[in-house]
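K.L.:
Just dropping this structure here.
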Amino acid sequence: MSVNTEQVRHIAKLARIAMSDDELDRLVPELNNILGWVEQLAEVDTDGVEPLTAVIDLKLRLREDVVTDGNLQAEVLANAPDAQHGFFAVPKVIE
């Protein structure tokens, strides 16, 4: 697969990238090289190869999933402009 100048101009328009004709002419061979590499990768036989998420087999150290309140009520409410009975106090809004 290869692209021509008009296709690159269309791609640039979709990406909302302003490009001069000289820039488009320089980009066409670069995109064609990239597409050639992708085609070359598609030719590799990957049957029987397990998908990887990382090259090194790392295991995450997981903590126990426990819900807590954090015991930070006083510190959090210290930042409030108005706190009453352990909650943020806000003005009443009536329409």
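K.L.:
Out of (1) at negative phi; (2) over 24 Å from the mean Cα position of the chain (by Cα), what's the single condition that is false for Asn71?
P.N.:
Status for Asn71: all satisfied but (1).
K.L.:
Please name all residue pairs, on different chains or six or more residues apart, with Cβ atoms under 9 Å, provided the first residue is in segment 16-28 and is touching a residue at least 24 places away in the same chain (Cβ under 8 Å) and the second residue is of a type in the set (Ser, Thr, Tyr) and in a helix (DSSP H, G or I).
P.N.:
Val28/Thr5
Every number in this text was worked out from the coordinates using simple rules, so none of it is lab data. Here the structure is a predicted model, which means the values were calculated and not measured. Note that each Cβ is placed from the backbone with ideal geometry, even for glycine, and that neighbours are counted across all protein chains shown.
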